[in-house]
Every structure is written in C-alpha cells, then in structure tokens.
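The values are calculated or read from the model by the stated rules, or taken from the named source; none is laboratory data. Given the structure is predicted, the values throughout are model-derived calculations rather than measurements. In this analysis, Cβ positions are derived from the backbone assuming ideal geometry, glycine residues included, and neighbour counts consider all displayed protein chains. The accessibility values were calculated without ligands, DNA or RNA, using every heavy atom of the protein model including side chains. Shrake-Rupley method; radii C 1.70, N 1.55, O 1.52, S 1.80 Å.
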Amino acid sequence: MPRGPIRRLLIAACSIAVSVTARADDARNVINDPRLFRAHKPNYILPLSTTNRVNRAVYTVEDTDLAARLKPEEVAFQMSLKVQLNADPLLRGGDAVFFGFTLKSWWQLYSPDISSPFRETNYQPEVFYTAPLRLVPFGADTTLTLGLEHQSNGQVQAYSRSWNRLYAELALRTERAFFAVRPWYRLPEDPKPSPDSALGDDNPDIDDFLGRGQVQLGWRGERIEISSTLHGSLSTGKGGLRLMLTYPLFKRFRGVVHYVDGYGDSLIDYNHKQRRLGLGVLLSDLF
C-alpha cells in the first residue's frame, strides 16, 4: 500500500480516537457538572389514582355543577428536580446549596363531560443547604439539611391555598435503608381582612391537619422498595400517611403502588380526610 493512503488512514484513525475521547470526557463532565438538574423527590406518573371520598364541598362554593361531576378516578403525577448552586464547598467538604422545584398534579382525565380539567396542581419551590455529618451510627451516612420552601396551588380566592416553611432534616442512609426526620416551622401570615379578600392567610389552620413535621422510612430489597412518610399534629391527633411500593416493571423504570390515608394529599384537600390508591410508573429513585 502506498505511503500516502497509509498516512491518511493513520491520521483518520487518530482523529476518530481523539473525537471519541473528547466525547467521553464531555460525558463525564456532564455527569459531574453540579449546575445540571437532577431528580429531587420521587418522580412518578399514576395513570389511575382513585379516592374513597371526593372533596366536593370545597368546590360547591364557586361551582356546584363541577363539584357534582368530579369523578374519584383521575391521573396523578409528580415531577421534582433540583440544581446545585455552588461549585466549591462553602463551610465544609461535600456541602452544597440547592434550588429545588416540585410540581404535583391531579388530572380529571376520565371526566370528558367537564373537559377533563386539572383539578389541582401544587407548586413547591425551595432553597436548601445540605452537609454531610461525621456521625456514622450503624455505619450509615448522615446528612443535615436546612431549607426554606413555599407551597401553593396557584388558585384565586376560595380555591387558593399556600404556606411558607423553614425546615431542618436529619437523614441516615445505608445501602438498603433510609431514615429521615424533618420538623418545620410555618412562617406566619396576616389574617384576611375579609373572607373574600385576596390578601391574607388562605389556610390559617393548616398546621392542625398537616402538623409540624414528618418522619420518613425507606427500605430497599432485592426486588421490592418501600417508602413510608408520616406527618401530623400531636395536639390535634390529625395527620396523614403516604406509602409507596415499587417493583421491577421495565428495564429502565419501576412500577409503583401509591397509597395515601388521612389529611393533606394536596393543598386543596389539606383538611379533607380520604384514602387514595394509585398505580403507575416510578421515573426516578424512591429515596
């Protein structure tokens, strides 16, 4: 073979190798780039979510026809992402400040006679600081998180619900288990000057139903993963339980069973007690 073709072949091979190496380096940089969004809370979609008690009372205030025609079956989904705001450690190695955003919706897909509306959507932006601790009980990694979060449903007047919270969370994690305790403090708001005013606190008694903290437990088996979250108020005895069980479904995604019992499935239902069961697909890690 003449030298010219051999030389050109070697140059082409080197160019391909350099290009492949550069793409691999770019991929590694993307994976390690703290500025990219990552999953925050569990991401899932439940094509079927049904309740034993539709909260019709809250909708009769403005639209009695809508209240009567809501169905217990709907679609529910949650999308939650976070992005790290700092590139270098702030106070200690491994600590970070994040911005997170969680959207959760309940969609009346099976109610075409009322144009299949989104019955409720909750928006939850938050800023939080997280740092690893030197404590290693039972060999678990421990993390302290301090955060400020807002949660609202973006509605007006009679349907409007919102609150702001400061929280602290201590979490322990092993290869198979997860435990977290999160107390919070609700930032006070001024009372409404009149019941139909857009100003002031939309839900002054929300602490009585959602409480002042929550506890989460998670366990990861060979095939099954379970997460349970309990929140409530010791003074009123009211609260709620959320259970999520996942199992292998597809190569990439896992099936999920979602169960809620008590108060606080959504902001519009914060003072409405119900049991809700959903089936769907988990799109991220459970914990």
State all residues of segment 175-201 that are among the hydroxyl-bearing types (Ser, Thr, Tyr) and either surrounded by 14 or more Cβ atoms within 10 Å (Cβ to Cβ) or not in a loop (DSSP other than H, G, I, E, B) (or both); if no residue qualifies, say none. TYR185
Give segment 44-76 a look and list any residue that's open to solvent by less than 40 Å² (accessible area, probe 1.4 Å) and closer than 14 Å to GLY278 by Cα, or say none. TYR44, LEU46, SER49, THR51, PRO72, GLU74, VAL75, ALA76
Screening LYS71, LYS82 for residues that are modelled with pLDDT of 95 or more, within 18 Å of LEU286 (Cα to Cα) and of a type outside the set (Asp, Glu) leaves only LYS82
Filter segment 153-167 down to residues that are touching a Phe, Trp or Tyr at 6+ places or on another chain (Cβ under 8 Å) and part of a strand (DSSP E or B) and give me whichever is surrounded by the fewest Cβ atoms within 10 Å (Cβ to Cβ). LEU166
Determine which single condition HIS40 fails, assuming it passes every other condition in (1) touching a Gly at 6+ places or on another chain (Cβ under 9 Å); (2) modelled with pLDDT under 95. (2)
Quick test of your reading of the structure: LEU103 fulfils all but one of (1) open to solvent by less than 20 Å² (accessible area, probe 1.4 Å); (2) under 24 Å from ARG275 (Cα atoms). Name the failing condition by number. (1)
Kindly indicate whether ASP113 is open to solvent by less than 30 Å² (accessible area, probe 1.4 Å) and of a type in the set (Asp, Glu). no
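Here's the yes/no breakdown for (1) within 23 Å of HIS150 (Cα to Cα); (2) without any contact (Cβ under 8 Å) to a residue 60 or more places away in the chain; (3) of a type in the set (Phe, Trp, Tyr):
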position	(1), (2), (3)
ASP196	yes, yes, no
LEU199	yes, yes, no
GLN216	yes, no, no
HIS231	yes, yes, no
GLY239	yes, yes, no
GLY280	no, no, no
Checking GLN151 against (1) touching a residue at least 40 places away in the same chain (Cβ under 8 Å); (2) farther than 22 Å from PHE99 by Cβ, only one condition comes out false. Which one? (2)
